[in-house]
Amino acid sequence: MQTVQDRELLNRLALQFGLEQIFSPGCTQEMELRRYGHGETICSVGDQLEGLYFCVEGKLKIQTLLQNGKSVLVRFARPMSIIGDVELLHGYPVKNQVDSVGQSLLLVAGRRLLLREIEHNAQLLRFLVSELSQKMYRLGQTSAINLLYPVENRFASYLMSLYEGGARGEDIRTSSLTETAELLGTSYRHLNRVVRQFIDEGMIERNRGKLIILDEAKLAELATGSLYE
């Protein structure tokens, strides 16, 4: 993690994503801009958050850790997503692990600033309520996905969520197949069969541990939309 000492960039991002309208005047000047590299962890299970995180650039992977030690993919978060609203408002420890996919920028509003604003800022409260309701909706959707969708659909959607929409043949960063199988709630053997199926059908190829998308349209059709976003 790197703190970005660029007040002009911070102000531009705050304006771009409407934070100037959500917070009281001058509050964005108290925020901090942080840069995370690929695979860096923003927060882990059990952490006590120091602030509210606004994803303003890049992509985040959110996964929940189960009591048996396994992890399940919850969703991918893009701008402008919020991390830490439930935890900060109620004083709960973090329940999900959040990692950066590629490079990401996050604006951080400290806990003291947030609690001060909540006392009188109705606009911020409405914004947080809206975010919480969307999270509840997505949580229900994720539960249905993991229970009802075949692994082929889940894996296709997972790949499309990581895909940046570049040219044909773009390679994508993904975890090892063992980790990916765990995230998708399936076995390594089953996922490996699906990977071979996708390769045989010309949707992807495998090269030196990386997966390369060859047929975006076919993969997107199988993904049936962005299931994890």
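Counting charges near Ser24 (Lys, Arg +1; Asp, Glu -1) among other residues having Cβ under 11 Å from its Cβ returns a value of -3.
Once you list every other residue whose beta carbon is under 11 Å from the beta carbon of Pro79, what net charge do they have if Lys and Arg are +1 and Asp and Glu are -1? In short, +1. The local environment of Leu33, defined by Cβ-Cβ distances under 9 Å, has a net charge of +1 under the rule Lys, Arg +1 and Asp, Glu -1. Normalising the average separation of contacting C-alpha pairs (under 8 angstrom, six or more residues apart) by the number of residues puts the relative contact order of the chain at 20 percent.
Mind pulling the angle between the C-alpha long axis of helix 7-16 and the longest principal axis of the chain? Nearest 10 degrees, somewhere in 0 to 90. In the chain, helix 7-16 runs at an angle near 70 degrees to the longest axis.
Mind pulling the angle between the C-alpha long axis of helix 188-200 and the longest principal axis of the chain? Nearest 10 degrees, somewhere in 0 to 90. Result, in degrees: 70.
Computed from the coordinates by the stated procedures, all read-outs in this text should not be read as laboratory data. In this text the structure is predicted, and so the values were computed from the model without any measurement. Cβ: placed from backbone, ideal geometry, glycine included. Neighbour counts: every protein chain shown.
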